[in-house]
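These notes are about the structure you will find just below.
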Amino acid sequence: MQNTKFTRPAFWVTTSFFALWMVFTAYAQLALPVVQQMFTHLGFPNYFRVELSVAKLIGVIVLLAPVPARLKEWAYAGFAITLTSAVIAHLSVGDGPGVYMWGVVAGVVLALSYLLYSKGSANATEPAAIFDRRVQGILG
């Protein structure tokens with residue numbers, strides 16, 4: 001996967017797919033009554049649904065924008081924690097695979113995006129990578 005002719009397009013395809021998926025879930029959490037009822041079923045307060053949706057939208061922006069690599073790492077970690085927590089929440093209330101597998105599949109897509117990101121950022125010349133290298137050089 002060191003080949004940048006493969007890595008960069010594959011990164012953008014997987015990351016764009018994941019980002020669209022998270023934007024849709026954020027929208028669904030805010031607008032669709034059936035998704036709102038699922039949060040109640042899981043035992044979460046209503047404000048958590050709104051907070052999670054806003055966090056997802058911010059995370060998507062960070063994944064897609066030219067920001068420092070450290071910030072992207074935090075977004076990946078935040079999504080990993082969110083998806084893991086979602087699967088655990090569904091398992092804890094006895095939901096079946098048809099309900100929690102979306103979190104597992106989204107986690108696989110996220111992991112693939114991260115793997116491609118980490119492979120491609122080693123030699124990256126995009127503004128975020130240049131900025132991150134300069135900051136690391138200043139900080140030692």
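Extending 7 Å from the Cα toward the beta-carbon at both residue 42 and residue 23 defines two label points whose distance is 2.2 nm. Return the FRET efficiency for the residue pair residue 108, residue 55: r is the Cβ-Cβ distance, R0 is 22 Å, and the value is rounded to the nearest 0.05. Computed FRET efficiency for residue 108 and residue 55: 0.60.
For residue 56, the lysines whose Cα comes closer than 26 Å to its Cα, not counting residues fewer than 8 places off in the same chain, are 72, 119. Here, P(r) means the percent of Cα pairs in each 5 Å bin from 0 to the largest distance; for region 11-67 it is 4, 20, 26, 20, 13, 10, 5, 1. Using a probe of 1.4 angstrom and keeping all protein chains present, the accessible surface of region 5-55 works out to 62 square angstrom per residue. Other residues lying with their Cβ under 13 Å from the Cβ of residue 30 contribute a combined charge of +1, Lys and Arg counting +1, Asp and Glu -1. Placing dummy labels 7 Å off each Cα toward the beta-carbon, the span from residue 101 to residue 118 is 2.7 nm.
The values are calculated or read from the model by the stated rules, or taken from the named source; none is laboratory data. Since this is a predicted model, take the numbers as computed values, not measurements. Positions of Cβ are generated from backbone atoms using ideal geometry, with glycine treated the same way; all protein chains shown enter the neighbour counts. Just the protein is used for accessible areas: all its heavy atoms, side chains included, with ligands, DNA and RNA removed. Shrake-Rupley method; radii C 1.70, N 1.55, O 1.52, S 1.80 Å.
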